[in-house]
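The values are calculated or read from the model by the stated rules, or taken from the named source; none is laboratory data. Just so it is clear, the structure is predicted and the values come from calculations on it, not from any experiment. FYI the Cβ positions are ideal-geometry reconstructions off the backbone, even for glycines, and counts take in every protein chain you see.
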């Protein structure tokens, strides 16, 4: 945890107890805990919002990349109809 070992942590807590006193130390620790929890909650919300914005940005760009291929498919002219076979032309000429 932040490169702090057990001896350093005990020293910091002992100094805090001496400087702040036994009455104020729990109050300060509680306030620090609440502040840290609020900070984590805020950073998590910010990360989630950034992920959503990134997803919204990537989605249209992938659609734009696919549009030229779609446009090429729709721009091709329709294939010409094949000429009628001679048998079909003869049947049209004969009266029924």
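Data overview
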item: Residue list for segment 1-31, restricted to those being assigned to a helix (DSSP H, G or I) and on the phi > 0 side of the Ramachandran plot; result: 21
item: Pairs where the first residue, in segment 27-50, is free of Cβ contacts under 8 Å to residues at least 60 places away in the same chain and the second is in a helix (DSSP H, G or I) and surrounded by 10 or more Cβ atoms within 10 Å (Cβ to Cβ), C-beta under 7 Å, 6+ apart; result: 28/20
item: Filter result for residue 92 (at pLDDT below 65 and more than 30 Å from the chain's Cα centre (by Cα)); result: yes
